[in-house]
1. May I ask you to say which residue of Gly276, Gly298 is part of a loop (DSSP other than H, G, I, E, B), in contact with a strand residue (DSSP E or B) (Cβ under 8 Å, 6 or more places away or on another chain) and without any contact (Cβ under 8 Å) to a residue 12 or more places away in the chain?
2. Quick one: in the stretch 34-57, of everything that is of a type in the set (A, V, I, L, M, F, W, C) and surrounded by 16 or more Cβ atoms within 10 Å (Cβ to Cβ), which residue is farthest from the chain's Cα centre (by Cα)?
3. Please state which one of Val287, Val346 is assigned to a loop (DSSP other than H, G, I, E, B), over 30 Å from Leu200 (Cβ atoms) and out of contact with any Leu (no Cβ under 9 Å at 6 or more places or on another chain).
4. Which residue is farthest from Ser220 (Cα to Cα), if the candidates are limited to the stretch 68-114 and must be of a type in the set (A, V, I, L, M) and assigned to a loop (DSSP other than H, G, I, E, B)?
5. Output yes when any residue across the stretch 118-129 is outside the structural domain of Asn36 (by TED's automatic domain parsing) and not in a strand (DSSP E or B), and no when none is.
6. Does Lys310 satisfy the criteria of being over 27 Å from Asn244 (Cα atoms), under 37 Å from the mean Cα position of the chain (by Cα) and in contact (Cβ under 8 Å) with a residue 40 or more places away in the chain?
7. Only one of (1) surrounded by 18 or more Cβ atoms within 10 Å (Cβ to Cβ); (2) hydrophobic (A, V, I, L, M, F, W, C); (3) not in a strand (DSSP E or B) fails for Leu156. Which number is that?
8. Check off (1) free of Cβ contacts under 8 Å to residues at least 40 places away in the same chain; (2) under 30 Å from Val210 (Cα atoms) for Leu50 and give me the number that stays unchecked.
Amino acid sequence: MKRLIQATSLTTFLLLYSGCSNVIDSLSTTTAPKVNQSAPTVNYSSIKSLPDMTSIGFEWQKLDDPRVVGYNFYRTEISKGEKTLKLISKIDSRHATHYVDKGLEPKTKYAYQISSVLSDGTESPTTEAYIAETLPRIKPVAFAQAVSNLPKKVKLLWEPHPDQRVNYYRVEKYNDTLNEWIYLATVNQRLSAEYLDTGLSNSSKHKYRVKAFTFDDVESAPTKVLEAVTKPAPKSVTGLKASNNIPKKIFLTWSASPTNDVVQYEIHRSNYESFGYKKIETVNSNVLEYTDDLKEDGLKYYYKIIAIDKDGLDSTSDLKPVKGESLGKPTKPNLSQASIQGGVAVLNWSSTPRAVSYTVIKKTKQNFFQYKTTKFENISGTSFQDSDIVSGIDYKYSIQAIDEFGIASESSNEVSLVRK
């Protein structure tokens with residue numbers, strides 16, 4: 001094994017870092033070993049080491065003395081100023097010549113001492129302190145960015161790490177509620193270079209950072225904080241109007257959304273002002289009107305127009321709706337006078353707004369259960385005389401107003417007449 005770090009005495013190293021002359025004397029093990037001064041000691045000059053980021057491998061020349069049954073490894077962390085040697089491993093064979101110390105901190109100096117262990121449980125004096133240092137962490141990801149203005153998502157991009165020891169990346173996101181960075185996702189493979197954070201709210205701001213991890217799960221420092229904002233929803237239409245004077249239809253008009261990439265408008269309708277809206281039609285963005293064919297008079301509905309952009313984002317539905325109504329029936333007339341004069345039925349009624357003509361409905365009693373209905377249409381005035389009546393027969397009369405669109409009002413009050 002290639003020796004990468006020059007061995008030196010623990011005393012010399014600690015003197016350089018502490019300025020104390022008796023540091024080696026103050027070092028102590030956590031348990032007092034039974035030292036056999038006659039036991040053979042590992043040849044210090046044969047010790048070699050090979051560091052990694054979180055481990056250091058050791059090699060030494062084995063001892064041939066048959067009394068030796070293994071070796072003890074002691075360690076202290078110099079970078080923290082530790083002064084206590086700790087037994088970190090017992091190697092149960094004198095033929096062993098290699099050991100790997102794992103779980104270390106990157107770029108950290110450690111001091112090691114080795115003793116041989118005899119069959120009676122005693123051990124030799126330790127070697128002089130052997131100083132070894134772990135390798136530094138891998139460098140952070142060199143370039144990374146967060147892409148803004150995407151619909152309900154943020155795209156993270158980074159430059160693949162050049163270090164072939166990198167196994168995967170970890171994406172972290174800042175949680176504003178907890179005020180801390182939390183795990184978001186793992187992106188496997190060193191050459192992978194992007195991540196999509198989806199399901200986000202419109203116009204929301206997010207913070208991220210990316211760390212690279214080695215095959216031994218050693219992490220790099222994070223990238224700089226990456227910030228991005230999701231795409232805003234399109235702005236709502238303005239000037240929505242709904243008609244109330246068209247028979248069997250409601251006509252809607254509106255002004256276009258000021259958002260440039262709107263591609264469609266959805267028309268939503270409800271019987272109620274505050275809930276129950278359903279989409280009834282979709283039109284292209286160059287269409288700013290819609291006719292709702294209803295087939296009935298006097299129907300009332302509430303409407304909202306939702307703008308849809310090219311990414312499928314919709315404008316807020318929290319809008320004040322507009323009420324529309326198909327043209328209702330004319331007001332029914334009031335049949336104010338009905339009498340038999342000289343064998344003629346004479347009728348008079350009040351005029352009705354919107355009426356362009358009237359219809360007189362005559363019902364002639366046929367028997368106990370049935371009446372025959374006759375209509376006299378296109379009457380321009382507000383009076384009517386019916387001479388076709390027979391003595392002793394029961395007649396019933398009512399009036400309907402008819403507007404310019406042919407919409408008939410409800411029938412007026414009904415009057416019964418009998419010729420004597």
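1. Only one candidate passes the filter, namely Gly276.
2. Taking the stretch 34-57 and keeping what is of a type in the set (A, V, I, L, M, F, W, C), we get 35, 39, 42, 47, 50, 53, 56.
Of the ones still in play, those that are also surrounded by 16 or more Cβ atoms within 10 Å (Cβ to Cβ) are 39, 42, 47, 50, 53, 56.
Numbers: Ala39: 69, Val42: 63, Ile47: 57, Leu50: 48, Met53: 38, Ile56: 45 Å.
That would be Ala39.
3. Step by step, each of Val287, Val346 is checked, and only Val287 is assigned to a loop (DSSP other than H, G, I, E, B), over 30 Å from Leu200 (Cβ atoms) and out of contact with any Leu (no Cβ under 9 Å at 6 or more places or on another chain).
4. Let us first name the residues in the stretch 68-114 that are of a type in the set (A, V, I, L, M), namely 68-69, 78, 85, 87-88, 91, 96, 100, 104, 111, 114.
Going one step further and asking which of them are assigned to a loop (DSSP other than H, G, I, E, B), we end up with 96, 104.
Numbers: Ala96: 34, Leu104: 15 Å.
Only one residue tops the list, namely Ala96.
5. no
6. yes
7. (3)
8. (1)
The values are calculated or read from the model by the stated rules, or taken from the named source; none is laboratory data. The structure displayed is predicted, hence computed values, not measured ones. We place every Cβ from the backbone using ideal geometry, glycine too, and count neighbours over all the protein chains shown.
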